[in-house]
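These notes are about the structure you will find just below.
The values are calculated or read from the model by the stated rules, or taken from the named source; none is laboratory data. These numbers were taken from a predicted model, which means no experiment stands behind them. When we count neighbours, we look across all protein chains shown, and the Cβ atoms used for this are built from the backbone with ideal geometry, even at glycine. To get the accessible areas, we keep the full protein, side chains included, count just its heavy atoms, and leave off ligands, DNA and RNA. Shrake-Rupley method; radii C 1.70, N 1.55, O 1.52, S 1.80 Å.
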Amino acid sequence: MTEFTELGLSAATLKAVAETGYTTATPIQAEAIPVALQGRDVLGIAQTGTGKTAAFTLPMIDRLAAGRSKARMPRSLVIAPTRELADQVASSFEKYAKGQKQKLTWALLIGGVSFGDQEAKLDRGVDVLVATPGRLLDHFERGKLLLTGVQIMVVDEADRMLDMGFIPDLERIFKLTPAKKQTLFFSAT
């Protein structure tokens, strides 16, 4: 069993984890977090309910803690196949990033929500952008979003993305981001 304190996370992130009641990392977290903190690419495969979301959100929070976002240019991007999953990822960032000295900003781009509210967040600049592929591309095509500042990109539930036919959208999104970035793929199969 690996304790979160052994993984190299910052004191602020460890405090947020402790406030949720977790002390012991799951196997996917113990393997992925130290590698992600080093800025290396990760391919994480684990069953649903094993803590994959924390395996990428926790190191992202620490890596993004230093730096500032620019208007319409997020520093990180998390792509999820459904609105529900994207909302769950955004909730994880909100929960784990609350104790950072420099407040991290985030936006959730999903369908069924006003473009105006989403655009307002993008205009202010966000550190973390969590989105479904369709809504992300909608904002890009409207000229409201640039992906040239993405330093970290996560494809969550990559297996479901492929099953749901998002391959063309993912290929397009990858072409819009810098070639040099940290990439993390997480999948249940």
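Which percent of the accessible area of the chain is formed by carbon and sulfur heavy atoms (probe 1.4 angstrom)?
Whole-percent figure for carbon plus sulfur exposure: 52.
Return the percentage of antiparallel bridges among DSSP beta bridges fully within segment 36-158, rounded to the nearest 5 %.
In segment 36-158, DSSP labels about 10 percent of beta bridges as antiparallel.
Tell me the chymotrypsin sites (Phe, Trp or Tyr not before Pro) within segment 1-93 that lie in a loop according to DSSP and have at most 16 other beta-carbon atoms within 10 Å.
Sparse-neighbourhood loop chymotrypsin sites (Phe, Trp or Tyr not before Pro): Tyr22.
Return the Rg/Rh value of segment 142-189, two decimal places, where both radii are evaluated on C-alpha atoms and Rh is the Kirkwood radius.
My calculation of the ratio gives 1.00.
Are there trypsin sites (Lys or Arg not before Pro) in segment 111-182 that DSSP marks as loop and that have at most 14 other Cβ atoms within 10 Å, and which are they?
Arg142, Lys180
Could you report segment 1-158's accessible area per residue, 1.4 Å probe, as an integer in Å²?
For segment 1-158, the solvent-accessible area averages 45 Å² per residue.
In Å, the Kirkwood hydrodynamic radius of the chain over pairs of distinct alpha carbons?
One decimal place: 16.5 Å for the Kirkwood radius.
Report the chymotrypsin sites (Phe, Trp or Tyr not before Pro) located in segment 122-189 that are in a DSSP loop and have at most 15 other Cβ atoms inside 10 Å of their Cβ, or state none.
Those that pass, being in a loop and sparsely packed, number zero.
How large is ³J(HN,Hα) for each residue in segment 97-114, as worked out from phi by the Karplus curve 6.51 cos²θ - 1.76 cosθ + 1.60 (θ = phi - 60°), to whole Hz, x for Gly and Pro?
Calculated HN-Hα couplings, in order: 9, 5, x, 5, 4, 9, 5, 7, 9, 8, 9, 10, 10, 9, x, x, 10, 4 Hz.
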